[in-house]
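A.B. asks: Following this message is one structure expressed as structure tokens.
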Amino acid sequence: MKSIKILSFLLVLLVISNCKNTSDDTEPTSSIITFKEDTTPFTAPQKEMIREVVLESEKEIRSLLPTLPDSINVSLEIVDWDLDQVGGVTGRTETNSPPVVLIQISEKFPGGVTQATQTALKHTIFHEFHHLSRGWAIQDNVYGPGISVAAINEGLAVVFSEEYTGESMEADTPPEAAIAEQWVEEIRSLPINANYQHWMFQHPDGRLAVGYRTGNYLIRKAMAKSGKDVLELSEHTPDEIYKMAGF
Ligand SMILES: [Zn+2]
């Protein structure tokens with residue numbers, strides 16, 4: 001009787017450890033997370049929460065984007081910038097090889113670093129990792145220059161993040177269709193070396209994030225007209241996506 005009890009106990013243990021192994025095997029994570037603390041240090045609970053968000057996001061993204069590289073370096077720092085429009089977190093994809101993503105979290109966000117992490121870190125990781133899956137990085141970008149190319153690559157990342165995190169940011173919202181159509185024409189007639197800062201972030205005429213917002217509009221229009229989802233669209237070149245959107 002005793003041996004049967006021991007046997008069934010061992011069996012339960014075996015089942016539990018098998019389940020655990022199975023889930024680890026199917027969703028591996030390899031991100032290397034580092035904290036840049038030259039100015040402001042993170043607290044231990046903040047680091048724990050950040051690691052959890054990044055690794056959980058990576059698992060989800062790997063199941064969606066098979067071209068995501070391994071061993072992504074994610075370096076995070078605390079800044080005192082006003083990032084309220086993007087949930088307190090921003091980032092950029094610095095290089096494809098090695099894969100490096102730099103993330104800034106604002107201590108000025110209402111509720112501080114912890115609240116910003118909860119609000120927008122997942123959203124930002126989905127955005128930046130989409131860039132890595134396509135090779136859209138600042139230093140070793142595999143696409144040509146130009147705002148029209150940037151709008152498509154940013155639009156894909158914005159829509160991917162919106163679709164799979166369920167969160168959208170005010171800063172990336174497209175204007176109404178009639179205006180968005182004008183912005184598309186404007187972007188497509190710009191010279192190849194048009195000012196990136198002006199067209200992607202702050203235009204001297206007062207408009208904000210024209211490239212991102214037009215990109216969001218273009219991707220959603222291409223999806224509606226082609227019947228493809230954002231993952232399928234992500235396999236296409238900017239030229240092909242413009243055609244699908246009717247341009
Ligand atoms: Zn981006």
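A.B. asks: Being surrounded by fewer than 21 Cβ atoms within 10 Å (Cβ to Cβ), out of contact with any Lys or Arg (no Cβ under 9 Å at 6 or more places or on another chain) and part of a helix (DSSP H, G or I) is the filter here, so list the residues in the range 227-247 that pass it.
C.D. replies: L231, E232, P238, D239, E240, K243
A.B. asks: A further question on this structure: Being closer than 22 Å to G155 by Cβ and surrounded by fewer than 20 Cβ atoms within 10 Å (Cβ to Cβ) narrows it down to one of T124, T67, T114, so name that one. Break it down into steps so the answer makes sense when it comes.
C.D. replies: Details: T124 fails: surrounded by fewer than 20 Cβ atoms within 10 Å (Cβ to Cβ); T114 fails: closer than 22 Å to G155 by Cβ.
Exactly one residue qualifies, and that residue is T67.
A.B. asks: Looking only at the range 119-138, count every residue that is in a helix (DSSP H, G or I) and within 13 Å of the ligand (Cβ to nearest atom) and tell me the total.
C.D. replies: Adding up the residues that qualify gives 12.
A.B. asks: Of all residues in the range 200-220, which are over 20 Å from the mean Cα position of the chain (by Cα) and either surrounded by 14 or more Cβ atoms within 10 Å (Cβ to Cβ) or outside any loop (DSSP other than H, G, I, E, B) (or both)? Give the steps one after another, and end with the answer.
C.D. replies: To start, the set of residues in the range 200-220 that are over 20 Å from the mean Cα position of the chain (by Cα) comprises 202-207.
Q202, H203, R207 - these are the residues of the range 200-220 that are over 20 Å from the mean Cα position of the chain (by Cα) and either surrounded by 14 or more Cβ atoms within 10 Å (Cβ to Cβ) or outside any loop (DSSP other than H, G, I, E, B) (or both).
A.B. asks: Hey, another quick one. From the list A157, A171, pick out the single residue that is away from the ligand (no atom under 11 Å from the Cβ) and in a helix (DSSP H, G or I).
C.D. replies: Every option except A171 fails the conditions.
A.B. asks: Inspect all residues belonging to the range 139-147 and state whether any of them is within 13 Å of the ligand (Cβ to nearest atom), surrounded by fewer than 19 Cβ atoms within 10 Å (Cβ to Cβ) and either assigned to a loop (DSSP other than H, G, I, E, B) or not hydrophobic (A, V, I, L, M, F, W, C) (or both).
C.D. replies: Let us first name the residues in the range 139-147 that are within 13 Å of the ligand (Cβ to nearest atom), namely 141, 143.
Checking which are surrounded by fewer than 19 Cβ atoms within 10 Å (Cβ to Cβ) leaves us with 141, 143.
Imposing the further condition that a residue be either assigned to a loop (DSSP other than H, G, I, E, B) or not hydrophobic (A, V, I, L, M, F, W, C) (or both) reduces the set to 141, 143.
Within the range 139-147, one or more residues are within 13 Å of the ligand (Cβ to nearest atom), surrounded by fewer than 19 Cβ atoms within 10 Å (Cβ to Cβ) and either assigned to a loop (DSSP other than H, G, I, E, B) or not hydrophobic (A, V, I, L, M, F, W, C) (or both).
A.B. asks: Test N195 against the criterion of being assigned by TED's automatic domain parsing to the domain that holds G155, in contact with a Pro (Cβ under 6 Å, 6 or more places away or on another chain) and not small (G, A, S), and give yes or no.
C.D. replies: no
A.B. asks: Please name all residue pairs, on different chains or six or more residues apart, with Cβ atoms under 8 Å, provided the first residue is in the range 54-75 and is part of a loop (DSSP other than H, G, I, E, B) and the second residue is surrounded by fewer than 18 Cβ atoms within 10 Å (Cβ to Cβ).
C.D. replies: That search, which allows pairs on different chains as well, returns L65/L231; P69/S97; D70/S30; S71/S30; S71/I32; S71/P98; I72/S30; I72/I32.
A.B. asks: Could you tell me whether M169 is modelled with pLDDT under 95, at negative phi, under 21 Å from the mean Cα position of the chain (by Cα) and not assigned by TED's automatic domain parsing to the domain that holds G91?
C.D. replies: Yes: the conditions hold for M169.
The values are calculated or read from the model by the stated rules, or taken from the named source; none is laboratory data. The shown structure was predicted, so the numbers you read here are calculated from the model rather than taken from an experiment. Cβ coordinates were reconstructed from backbone atoms using ideal geometry, including for glycine residues, and neighbour counts include every protein chain displayed.
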